[in-house]
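Participant: First the structure, which I've put down as structure tokens, then a few questions once you've had a look.
The numbers here are math on the coordinates, done by the rules we state, and not lab data. Keep in mind the model is a prediction, meaning the values are calculated, not measured. When we count neighbours, we look across all protein chains shown, and the Cβ atoms used for this are built from the backbone with ideal geometry, even at glycine.
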């Protein structure tokens, strides 16, 4: 009997209806492995949940040793002494001398026109000797008078009459009230803010009204 070449061979074509059906065990092995893995994961989850609900054992306080600070250590550093660098050659050094204020003169300038600290300028008869300050200065319409302080601290009187330039000097003047009085023999000359009063034996001979007066 000759075979028909147009009919397919069942062994060569398993999908053919005449081919034998596959056994069930070929598809069940992967499913069993997957189910086993899911079961392991579920068991692990149950164990973890049970451990989370187990209370922790009661533990007492853990003793901690106190911290003790280390004693500070002292470090000594020796710094070598240094001297200022020398001045460059050819550089001039500038020396600044301290400024010393000049001492103020003992004699104050009188608040009277044409005077300085010793009396009337340009009028030797009404000007104190060199180095003697004026203690009082008086100007009247007739005279110029000055009371001077000597080296020994005492006072003397100098005056000039403007009409004829007659000069007078009397030693031994002394403060009195708000002025000075100088006496010689029976005469006395009082220099004060009122003016110049000339007396003899206590009797007033003349009074010249003050135009300007100053005393220290």
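Participant: So for region 115-215, what are the equivalent ellipsoid semi-axes in whole Å, largest first, each being the square root of 5 times an eigenvalue of the Cα gyration tensor?
Facilitator: 18, 16, 12
Participant: Do you know the relative contact order of region 115-215, to the nearest whole percent, from alpha carbon pairs under 8 angstrom that are 6+ apart?
Facilitator: On the way: 245 pairs, mean separation 22.2, N = 101.
That works out to 22 percent.
Participant: Subtracting the Cα-Cα distance from 0.36 nm times the residue separation, let me have the gained length for residue 176 to residue 194 in nm, one decimal.
Facilitator: Using 0.36 nm per residue and subtracting the Cα-Cα distance, I get 5.2 nm.
Participant: Among 120, 36, 213, rank each residue by its count of other Cβ atoms within 10 Å, from fewest to most, as a rough exposure measure.
Facilitator: Ordered by Cβ neighbours within 10 Å, fewest first: 36, 213, 120.
Participant: Okay, moving on. Run the simple label-point estimate for residue 129 and residue 41 please: 7 Å along Cα→C-beta, distance reported in nm.
Facilitator: Those two pseudo-labels are separated by 13.4 nm.
Participant: Counting other C-beta atoms within 10 Å, which of 162, 41 has the fewest, and how do the rest follow? Mind dumping the intermediate values first?
Facilitator: Working: 162 14, 41 9.
Starting with the residue having the fewest Cβ neighbours, the order is 41, 162.
Participant: Along Cα→Cβ, 7 Å out, is where each label goes; now give me the distance between the ones at residue 206 and residue 33 in nm to one decimal.
Facilitator: Rounded to a tenth, the inter-label distance reads 15.6 nm.
Participant: Treat each spin label as a single point 7 Å out from the Cα along the C-beta direction, and report the residue 151 to residue 184 distance in nm.
Facilitator: My value for the distance between the label points is 2.2 nm.
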